[in-house]
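The values are calculated or read from the model by the stated rules, or taken from the named source; none is laboratory data. From a predicted model like this one, the values you see are computed outputs, not experimental measurements. Cβ: placed from backbone, ideal geometry, glycine included. Neighbour counts: every protein chain shown.
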């Protein structure tokens, strides 16, 4: 395995982390915006109101998207395993 292959695998790992993290962060951002808008309109400045809905929405999103995330991570792990095995057989 040369440097280009290692860099390629690292780039794919970073890209996969972004693909998995982006939907969760967007959901947290949207819920946070809605809660902030609600707080501004009603002038309720309760600290727990800012965090609890975001936590619940993020946990629900993780639970709902977990099958897709596991498929992506399984495919990447199979790719890594195949690459490592092919590298070891060739060297």
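For residue 35, state whether it is surrounded by 12 or more Cβ atoms within 10 Å (Cβ to Cβ) and without any contact (Cβ under 8 Å) to a residue 24 or more places away in the chain. So that I can check it myself, show each step before the final result.
On the way: surrounded by 12 or more Cβ atoms within 10 Å (Cβ to Cβ): yes; without any contact (Cβ under 8 Å) to a residue 24 or more places away in the chain: yes.
Yes; evaluated as a whole, the condition is true for this residue.
Taken over segment 1-53, the residue count meeting the criterion of being within 20 Å of residue 78 (Cα to Cα), outside any helix (DSSP H, G or I) and at pLDDT 85 or above is 0. With respect to the conditions (1) surrounded by fewer than 11 Cβ atoms within 10 Å (Cβ to Cβ); (2) under 22 Å from the mean Cα position of the chain (by Cα); (3) closer than 19 Å to residue 2 by Cα, residue 74 falls short on a single one, namely (3).
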